[in-house]
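I have placed the structure first, in the form of structure tokens, so that the comments after it can refer back to it.
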């Protein structure tokens, strides 16, 4: 690479679309783009409704707005390279651009995991101490939790990106997906990568792994509290407030576990399988979260109906 621009991009990385289906990339892009647009529109709607409706300025909806913001960021950071491959057959990406995309993808994923455990704590406080709910989770506390979750994600991922930057690669490196992930970049390293592998595992254990344990403990406490309620109607009502969060947790963890298994046993699976799983891992949570909360949360659903369909409110909507 002789020119300064080319040398600044070395080593070159090549993104991968859907191997063997290159002639169908335009058609494949239609459902993918539709899902991206739906995810972006849905999360923007959630943010707009919560911001403009003061009756929703409560801890539960503050955490929901954080989740929508992270999902929006995750969609926007992966969409450009996805479209460049599927629409324009442009597979090249500069090394530092790849590292930057990888950094934001993993940071947003860790932040989302932190927000999910924060939402579990929110439900635990609301069920165990409903009278002190707004006192325990006041606005300042929610801001501190959100800031801590964001800083944890940002600082946990940063050393991994710096370590990758110091390693040696080939002149041309072909990635497995149309976006950059840490595990995928790491497999292309030509020098000793043990430190980076150990650090990557440590990050997973200190973030998603720890959060998963805390989520389980939170729901054990929630279930214990709910089962102590004498009235079956109140018990059902308390559990019903957790359904949206449970669906969101499953939407986040199931694709992540699936992708981890595919990466671990990738030699036994066709390339299109782990490419599809990687796309599900990044696309499904931002797509499904606003849908789940709109369908299952009456307050959000009513505000959306009143805001966008004035005069056409559903029966019983105040």
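The values are calculated or read from the model by the stated rules, or taken from the named source; none is laboratory data. Everything numeric in this text was worked out from a predicted model, so none of it was measured. Neighbour counts run over all protein chains shown; Cβ positions are idealised from the backbone, glycine included.
Taking residues in the range 152-176 that are over 16 Å from residue 204 (Cα atoms), and partners anywhere that are assigned to a strand (DSSP E or B), the pairs with Cβ atoms closer than 6 Å and at least 6 places apart or on different chains are 172/12; 173/13; 174/14; 175/13. Within the range 290-318, residues that are closer than 25 Å to residue 245 by Cα have Cβ atoms under 6 Å from residues that are assigned to a loop (DSSP other than H, G, I, E, B) and modelled with pLDDT of 85 or more in these pairs: 303/53, counting only partners at least 6 apart in sequence or on another chain. Annotation: residue 124 fulfils all but one of (1) under 30 Å from residue 90 (Cα atoms); (2) assigned to a helix (DSSP H, G or I); the unmet one is (1).
For the range 126-140, filtered to residues that are closer than 27 Å to residue 250 by Cβ and free of Cβ contacts under 8 Å to residues at least 60 places away in the same chain, the residue that is surrounded by the fewest Cβ atoms within 10 Å (Cβ to Cβ) is 130.
Output the residue which, of all residues in the range 36-56 that are more than 15 Å from residue 293 (Cβ to Cβ), surrounded by fewer than 18 Cβ atoms within 10 Å (Cβ to Cβ) and in contact (Cβ under 8 Å) with a residue 24 or more places away in the chain, is nearest to the chain's Cα centre (by Cα). Once the filter is applied, the top-ranked residue is 52.
Do we have any residue at all in the range 258-270 that's at pLDDT 90 or above, surrounded by 15 or more Cβ atoms within 10 Å (Cβ to Cβ), within 21 Å of residue 39 (Cβ to Cβ) and under 17 Å from the mean Cα position of the chain (by Cα)? Checking the range 258-270: not a single residue is at pLDDT 90 or above, surrounded by 15 or more Cβ atoms within 10 Å (Cβ to Cβ), within 21 Å of residue 39 (Cβ to Cβ) and under 17 Å from the mean Cα position of the chain (by Cα).
Does residue 160 satisfy the condition of being at pLDDT 90 or above, out of contact with any helix residue (DSSP H, G or I) (no Cβ under 7 Å at 6 or more places or on another chain) and either loosely packed, with under 13 Cβ neighbours inside 10 Å or more than 26 Å from residue 21 (Cβ to Cβ) (or both)? So residue 160 fails the test. Against the test of being out of contact with any helix residue (DSSP H, G or I) (no Cβ under 8 Å at 6 or more places or on another chain), within 26 Å of residue 75 (Cβ to Cβ) and surrounded by fewer than 19 Cβ atoms within 10 Å (Cβ to Cβ), the options 232, 187, 224 yield a single qualifying residue, 187.
Checked against (1) in contact with a helix residue (DSSP H, G or I) (Cβ under 7 Å, 6 or more places away or on another chain); (2) part of a helix (DSSP H, G or I); (3) without any contact (Cβ under 8 Å) to a residue 12 or more places away in the chain, residue 205 meets all criteria but (1).
Scanning for something farther than 19 Å from residue 291 by Cβ, touching a helix residue (DSSP H, G or I) at 6+ places or on another chain (Cβ under 6 Å), at pLDDT 90 or above and not in a helix (DSSP H, G or I), does the range 14-23 turn up at least one residue? Yes, that holds for at least one residue. For the range 62-70, the condition of being closer than 20 Å to residue 156 by Cβ, in a helix (DSSP H, G or I) and touching a strand residue (DSSP E or B) at 6+ places or on another chain (Cβ under 6 Å) holds for none of the residues.
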